Each structure stands twice: as C-alpha cells, then as structure tokens.
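Engineer: Structure in structure tokens, see below.
The values are calculated or read from the model by the stated rules, or taken from the named source; none is laboratory data. Since the model is a prediction, treat every value here as computed from it, not as a measurement. Positions of Cβ are backbone-derived with ideal geometry, glycine not excepted, and every protein chain shown enters the neighbour counts. Just so you know, the surface numbers come from the protein's heavy atoms only, side chains and all, with ligands and any DNA or RNA stripped out. Shrake-Rupley method; radii C 1.70, N 1.55, O 1.52, S 1.80 Å.
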Amino acid sequence: MIKMVVSSFFNTLIDSEEAIPTSTMLQIEKLRKRKILFSICTNRPYKEVLEYNHDFPFIDYIISLNGSYIYDVEKEKCLFKSKLSSINLKKILSLFEQEKMIFYTEEEIYTKVSDIEEKEIYKIEVELPIKTEKWEESLKKMKVQYSIFEWNGKSYLEITSSKANMFVGVDKISLKNSIELKEILVICANNSDIPLVNNIPNSYIMKNSDESLKKICKKVTNNNDCKGVENVLKKLEKLDGKENVHI
C-alpha cells in the first residue's frame, strides 16, 4: 500500500504556465484524506513552493535545493540541511569565475559573488552551455553532487554538497514516518531526480522528462501540460486498499 507520494515540482506538477490544475489539486486532496503523505521535490528554495500552499494546503514536506534542505510544512521547521563546504565553494567559484552563476542560501537567491560573503550556500547553478570537459572531472574530484536542469529553454549545471540529493531527502522523510521504500510512489521529470528513480521501485516519469530518465524508467505518464501527475494519482486511487503496491 502506498503511504507517500513524491512529486517533482518543475516540469512535473506545475505546467508551462507555472500553475497546478484545479483538478490535480482536488486529486491530491483525495490522496491526503486517505492519510497518504504528499511531498514535493524542487530545485529552488522551499518558500517558492510554499506560495502554492497558502490558499489550499496540500503539501506535507518540501525537499528543496536538490535535497540540500528538507522542510516540514505542518511543523514549519527544517528537518535536514547540507551546505557546500567552504573549501568546495572556493574551488567552484574559481572553476566558473568566467561564467554566470546563481547562489542559493536556505531562502534567498544571489547572482553576485560579492553578495555571498559569510553566507551559507546550499546550491550553485551555472548557466550552460559550457564544454563538459572543462568542469566534470574537477567536480568529480571535489565529490560534490551535480546535475543538469532544463527550464524555459535554458540549461543549468546544479551543484550541491556530497550529502545532498533528492533521494536523501525522501529517505529521511520515510524514516521519520516509518515508511518503507516500496510504499512510496515517485513522479518526476528532471536529471536531478535520477537518484529517486534508481532507488524507488514505484517511479513514474513524465513524457517531457529529461532523456537521462527515459533510459532508466519505463513507466511514463502524460507531460506536465496534460495532467501527468493527476493521471498517476487516479491510477493509485483505483488501487486503494489493494496489497499490490506496484502501479
């Protein structure tokens, strides 16, 4: 039996207009009435997702900044956070000093190196294209996590600490709530979601998913403009109470 649903935010739950269809919200409400948790994974700060939760609360947990920060919505507190080390931060700044970078603290976003002095940085984005050979080997030596995020026709290299990824966030939430991995359903679309698909048996990807996900996941739902998340939740509703958790 599924006890938690985890959905990516960008390219998944919200459509190209950055909205969540009303019918999808109603389907999530049905889910939560059955005591199934609903968690969101996002590449951005948790407060951006909370804005969608004000008028119609539907979120239990937010795994933000690629797993670097986990937020308990009901208790309004952080459950886990993992910043980039000062050593790796300096190396990354040096490696990409000629490129456009975006810096994330727990809640704020900065675009200038001068603005991040004495601040804890949880994620760095570097606007691509940049030739892979320029940075991949260096990041591997640093042992940081990295992925490529596609949004609005642009590509961004995302860099977080070695202790942070989307699955780490989901795993911590599942342990807190005594939920087994087989009792989790994932719906995702981004390169940063690969650790989820690799570790959660019940995983769906969107038709508009990153090509890296299409190579490893066979269960596909509609794209984010055609209510892909909603379609999976309707399938889950039909199986409510059945022993076979694989949908």
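Engineer: Are there any pairs with C-beta distances below 9 angstrom linking a residue in segment 8-27 that is within 13 Å of F58 (Cα to Cα) to a residue that is of a type in the set (K, R) and assigned to a helix (DSSP H, G or I), with the two at least 6 apart or on different chains, and if so which?
Structural biologist: These pairs meet every condition: Q27/K234.
Engineer: Open to solvent by 20 Å² or more (accessible area, probe 1.4 Å) and modelled with pLDDT of 95 or more: does that describe N152?
Structural biologist: No: the conditions fail for N152.
Engineer: I'd like to know if segment 70-78 contains one or more residues that are closer than 14 Å to E158 by Cβ and in contact with a helix residue (DSSP H, G or I) (Cβ under 9 Å, 6 or more places away or on another chain).
Structural biologist: No, segment 70-78 contains no residue that is closer than 14 Å to E158 by Cβ and in contact with a helix residue (DSSP H, G or I) (Cβ under 9 Å, 6 or more places away or on another chain).
Engineer: Determine whether segment 96-119 contains at least one residue that is in contact with a Gly (Cβ under 7 Å, 6 or more places away or on another chain), under 30 Å from Q27 (Cβ atoms) and not in a helix (DSSP H, G or I).
Structural biologist: no
Engineer: Can we say S86 is more than 26 Å from I59 (Cα to Cα) and open to solvent by 40 Å² or more (accessible area, probe 1.4 Å)?
Structural biologist: yes
Engineer: Within segment 1-18, count every residue that is surrounded by fewer than 20 Cβ atoms within 10 Å (Cβ to Cβ) and either touching an Asp or Glu at 6+ places or on another chain (Cβ under 6 Å) or more than 26 Å from Y122 (Cα to Cα) (or both).
Structural biologist: So the count comes out to 5.
Engineer: So in segment 175-199, with the set limited to residues that are outside any helix (DSSP H, G or I) and over 16 Å from L236 (Cα atoms), which one is farthest from the chain's Cα centre (by Cα)?
Structural biologist: S178
Engineer: For D210, state whether it is of a type in the set (D, E) and open to solvent by 20 Å² or more (accessible area, probe 1.4 Å).
Structural biologist: Judged against the criteria, D210 is a match.
Engineer: In segment 1-45, which residues are more than 11 Å from the chain's Cα centre (by Cα) and of a type in the set (S, T, N, Q)?
Structural biologist: S16, T22, S23, T24, Q27
Engineer: Same structure, new question: Looking for whichever is of a type in the set (D, E, K, R), in contact (Cβ under 8 Å) with a residue 12 or more places away in the chain and on the phi > 0 side of the Ramachandran plot here; the options are K234, K219, K227. Which one fits?
Structural biologist: Sole residue among the options that is of a type in the set (D, E, K, R), in contact (Cβ under 8 Å) with a residue 12 or more places away in the chain and on the phi > 0 side of the Ramachandran plot: K227.
Engineer: Here is a further query. Condition test on N43, is it within 23 Å of F149 (Cβ to Cβ), among the polar types (S, T, N, Q), touching a residue at least 24 places away in the same chain (Cβ under 8 Å) and outside any loop (DSSP other than H, G, I, E, B)?
Structural biologist: Answer is no for this residue.
Engineer: Tell me which residues, restricted to segment 107-124, are open to solvent by 10 Å² or more (accessible area, probe 1.4 Å), under 21 Å from the mean Cα position of the chain (by Cα) and either free of Cβ contacts under 8 Å to residues at least 24 places away in the same chain or within 18 Å of I148 (Cβ to Cβ) (or both).
Structural biologist: Y110
Engineer: Using the structure shown, decide if K163 is over 25 Å from T24 (Cα atoms) and either without any contact (Cβ under 8 Å) to a residue 40 or more places away in the chain or among the aliphatic types (A, V, I, L, M) (or both).
Structural biologist: Criteria not met by K163.
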